[in-house]
1. Using 7 Å Cα-to-Cβ label points, what is the Arg103/Asp243 separation (nm, one decimal)?
2. Give the calculated FRET efficiency between Arg93 and Ala18 to the nearest 0.05, with a Förster radius of 45 Å applied to their Cβ-Cβ distance.
3. Once you put a point 7 Å from the Cα of Asp268 and another 7 Å from the Cα of Arg81, both along the Cβ direction, what distance in nm separates them?
Amino acid sequence: MYFASYLPDWCVAVVNAAVFWSCAAVLISEALMGAVAKIWAYIAFLLIAGCVAGVSSAPDFGEPLLVIWLFVSLLTVVGTRMGYGFLQSQAQRNGETVKPDQRWLTWIAVFAPLLLIVAFFELADGVVMARLVFLIGAMCLTIQCANWPLKWAKGQGLIIMTCVGVFWVPIGLWAVVLELFDLSPPSFSSTTHAPIMGALSSLIMAVMARPHARRTEAGLTTGPGVFAAFLFLQIAIFCRLADAVMISFWVWVLAWGMFLVTVWPRIDAPIPRPIFSGTRQKRATIQSDH
């Protein structure tokens, strides 16, 4: 970022694309070793995202909403699957079943904008298209999350953290919609932090906390330090949305510093499998007489 103005455009483009392409390379290696077929959809998405990230690094690129929508699409597909999956697992742990998630709303939120762009490309300008794109996404995800069995998040801190991260996606989309309709007081640069800074950072911390948690009969549990760090992270997000940049910066550093201190004693331990299930309690060893 610092040397971007001193480097040739192609070099900056490659660096921006490499973030996504390196993730795609990891998934390709997993797919070649026999991973499920659905992984190819994520590989295709990451390859396309790398191309868009590279193109968007050009000095004359004037479509920041395209990049935002790309990130939001990834968070929507992955985040909603995780959030509902954890709620469903908690319900099954208590011997109850829940109705299936309305995944079709996810795909409408992701792919309907593409259809609209093709259909109305000659009929509307960029602002009108952006309004339609983000309005459809906000409405679909709001309806989908409103129908989740949220009662199973009660008392489950890690599930609450994940759901908060997912909820930042529709909240951020509504913030962008208000901005596009000239109804939002914050500057656009602050508004766009809701779907990206809010959802992305919250989901990252929620997911990173799970391998260090402990599995109990009631579910995964973790210490108060993780929840305190997550709370400060949310404060930093709200401060950034309020344009309190320096306060947001220091609270952000505090949040991740607290999180690092909390998980550091176990950060070099073997990663449990499956990774989202937390540390298993050690089983009693039965010695054989033979």
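Each value in this text was obtained by applying a stated rule to the coordinates, not by laboratory testing. These numbers come from a predicted model, not from an experiment. Cβ placement follows ideal geometry from the backbone for every residue including glycine, while neighbour counts extend to all protein chains displayed.
1. Between Arg103 and Asp243, the simple spin-label model gives 4.3 nm.
2. E between Arg93 and Ala18, to the nearest 0.05, is 0.65.
3. It is 3.4 nm.
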